[in-house]
Amino acid sequence: MKKKIPEILSLWLLFLVSLVIFIGISFSDSFKIGSYEPNKGSFRDQLTAREVSAAIEDYETKDTLSVMDVTSVEIEPDTTVHSLLIFGDSMTHNLGMSIAKYGTKNNYKVTSVTWESSSIPGWSGSDKIEQYIEESKPDYIMVCLGSNETILKNFDSRIPHILKIKEKFGDIPFIWVGPPLWKEDQGLYDVIIKTLGKDIVFKTEGIDIPRAGDHIHPTMRGGDIWADTLMRWISHSKHPILTEKPDSNTSIKGHRIIYLHLNE
């Protein structure tokens, strides 16, 4: 005697067969019953839409991780820098001596040239940059200019001179140390950054720099604070170098500190 299939099992089999037929019709591009063509797009589109959505989400996740990986990579500091030239206006003097301490700590010789009351056009139009590059053979250059430009109304006039200074460096990596302003910036930084790029220009702002009696020039302690902040920033600049912080009593012996008066 044949065994009867339980009624509940028969219903399940009927349901599964119907489901297979339904899915087949949904993904068929040419199924018709006489002149009637079932509307099969809704189920198929929802199903495939989920697949596409999942694929996009997976792609975007991978893309985001890729971007995070790239942006989290820091450039290794250049350990081949053995000679550093820093030059600029009168703001440079105490900063340069503080940078010399970093040179002692990180094994590069510093030549610091301060030209009293000098300006961006003054340096671009003289041969002093070429002279000190020839003398010190720098692997790295810091420019500290802009303090004597703050009274200008047309900062764009400085763009050709900034570019000329840059041209004098050739292939030597450099950064531009913006001035420690003692009054509100009227657009000088915007022009320097527009000309050179934000990863080249250090904005000396928001730093509590002790000033001398004129309330403008940094004191020796102010030079140290300025230098410490600058050297931390250099690690994230376009041209990082070794910036291990020296002790306060680190010697600047062996470095060259030059101070030029206006007419020299």
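Remark: region 110-203 carries 43 Å² of accessible area per residue (probe radius 1.4 Å; ligands, DNA and RNA excluded). Judged by the mean number of other Cβ atoms found within 10 Å, the most tightly packed of the peptides 221-227, 196-202, 207-213 leads the ranking 221-227, 196-202, 207-213.
Amide H to amide H distances under 5 Å link Lys109 with Ser83, Leu84, where only residues 5 or more positions off or on other chains count and H is placed in the peptide plane.
Could you order the peptides 173-186, 140-153, 94-107, 238-251 from most to least packed, using the average number of other C-beta atoms within 10 Å per residue?
Values: 173-186: 17.9, 140-153: 20.6, 94-107: 22.4, 238-251: 14.6.
Taking the mean over residues of other Cβ atoms within 10 Å, the ranking is 94-107, 140-153, 173-186, 238-251.
Phi angles across region 195-210 convert, under the Karplus curve 6.51 cos²θ - 1.76 cosθ + 1.60 with θ = phi - 60°, into 3J(HN,Hα) values of 7, 10, x, 5, 8, 10, 9, 8, 8, 7, 9, x, 9, 7, 9, x Hz, Gly and Pro given as x.
Of the cross-linked pairs Lys183/Lys238; Lys183/Lys203; Lys137/Lys198, which ones have a Cα-Cα span greater than 23 Å in the structure shown? The partial results should precede the final answer.
On the way: Lys183/Lys238 28 Å; Lys183/Lys203 14 Å; Lys137/Lys198 26 Å.
Beyond 23 Å: Lys183/Lys238; Lys137/Lys198.
Rounded to the nearest whole Hz, the Karplus-based 3J(HN,Hα) values (6.51 cos²θ - 1.76 cosθ + 1.60, θ = phi - 60°) of region 255-260 follow the sequence 9, 10, 10, 10, 10, 10, with x at glycine and proline. Length gained on full extension, Glu184 to Arg232: 14.9 nm, using 0.36 nm per residue less the C-alpha separation.
The values are calculated or read from the model by the stated rules, or taken from the named source; none is laboratory data. Every value quoted in this text rests on a predicted model; they were computed, and no experiment measured them. When we count neighbours, we look across all protein chains shown, and the Cβ atoms used for this are built from the backbone with ideal geometry, even at glycine. Ligands, DNA and RNA are stripped out before the accessible areas are found, and what is left, the full protein with its side chains, is counted by its heavy atoms. Shrake-Rupley method; radii C 1.70, N 1.55, O 1.52, S 1.80 Å.
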